Amino acid sequence: ARGRLALFAKSEEIINSIRDAIKQVDLIKSRKQMYEDEFLVSNRGGVEVYIVGSLAGGTGSGMFLDIAFIARSFLEARSNITGVLVLPGIFTGKAGVHLVNSNAYGALKELEHFSGLGLDYNFTIEYGTHHRVEVSQPPLDLIYMIDNTNEAGKGIRETAELQAIIAQGLYLQIGSQI
């Protein structure tokens, strides 16, 4: 709830930042620079947006859906929004985090609900007095759920290490020829 409250308290600044970032990525000059730097650029056009956050109950789980709805309001139809959402395992056992599993469950239920959006179900969200978002499609096109334990049972204990792995994965997906 605090993350969403923070979003509404600073909605104009956040919305302007999202809009400006999307505009910057969409500039032809930026695309030329990406090609020159041999950075993989989608040939289908549009802007690829990645929203990275935790579902454990911090600011990320409180605002990731709203950030997706706001970003989608500035995107063309051929653009995608991908969520990279961290499950609560990395926080288990740390002080003051007794609600991480409950928080993640709540965030996942909200995500499940809004993933069913379509032509027969839509609504409007008013972010402050200057920005209204007509929501008529799911917030995310693709979702990666990241945990701190792999299939072999090996785990990561520090959030910084998990963040580095996520960053490397995003780079490989976005900016390399792999």
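The values are calculated or read from the model by the stated rules, or taken from the named source; none is laboratory data. Computed from a predicted structure; not experimentally measured. Note: ideal-geometry Cβ built from the backbone for every residue, glycine included; neighbour counts use all protein chains shown. Only protein heavy atoms, including side chains, enter the accessible area calculation; ligands, DNA and RNA are left aside. Shrake-Rupley method; radii C 1.70, N 1.55, O 1.52, S 1.80 Å.
How much of the DSSP beta bridge set in the stretch 82-178 is antiparallel, as a percent to the nearest 5?
The antiparallel fraction comes to roughly 60 percent.
Restricting to DSSP loop positions (anything but H, G, I, E, B) with no more than 13 other Cβ atoms inside 10 Å of their own Cβ, which trypsin sites (Lys or Arg not before Pro) remain in the stretch 63-171?
Sparse-neighbourhood loop trypsin sites (Lys or Arg not before Pro): Arg78, Lys94, Lys154, Arg157.
List the lysines whose alpha-carbon lies under 17 Å from that of Lys23, not counting same-chain residues fewer than 8 positions away?
Within reach: Lys32.
Over the chain, give the accessible area per residue in Å² for a 1.4 Å probe, as an integer.
It amounts to 63 Å² per residue over the chain.
Find me the longest stretch of the chain that has none of the exposed GluC sites (Glu not before Pro), where exposed means in a DSSP loop (not H, G, I, E or B) with at most 11 other Cβ atoms within 10 Å. Let's see the in-between values first.
Details: sites that count: Glu38, Glu76, Glu151, Glu158.
That gives 77-150 as the longest site-free run.
Hey, if you drop one equal point scatterer on each alpha-carbon of the stretch 24-178 and run the Debye formula without solvent, what base-10 log of I(q)/I(0) do you get at q = 0.18 Å⁻¹?
For the requested q values the scattering log ratios are -1.18.
Pull out a ≥ b ≥ c, the square roots of the eigenvalues of the alpha-carbon gyration tensor of the stretch 42-131, then state rounded if a/c is under 1.5, prolate if not and a/b is larger than b/c, and oblate in the remaining case.
Cα axes put the stretch 42-131 in the prolate bin.
Hey, quick one: spin label on Arg132, modelled 7 Å out along Cα-Cβ, who in the stretch 64-84 has an amide N within reach, i.e. under 15 Å?
Once the point is set 7 Å along Cα→Cβ of Arg132, nothing inside the stretch 64-84 turns out to lie under 15 Å by backbone N.
To the nearest 500 deg cm²/dmol, what mean residue ellipticity at 222 nm is calculated for the chain from DSSP H runs of n ≥ 4 alone, each contributing -39,500 (n - 2.57), summed and divided by the residues?
So the calculated ellipticity at 222 nm is -14500 deg cm²/dmol.
Run the reach check for Lys154 against lysines, Cα to Cα strictly under 27 Å, same-chain hits fewer than 8 apart removed. What comes back?
Filter leaves Lys94.
Using the charge dipole of the stretch 54-178 (Lys, Arg: +1 at Cβ; Asp, Glu: -1 at Cβ; taken about the Cα centre), state which of Ile146, Ile125, Val135 has its Cα farthest towards the positive end.
The Cα lying farthest towards the positive end belongs to Ile146.
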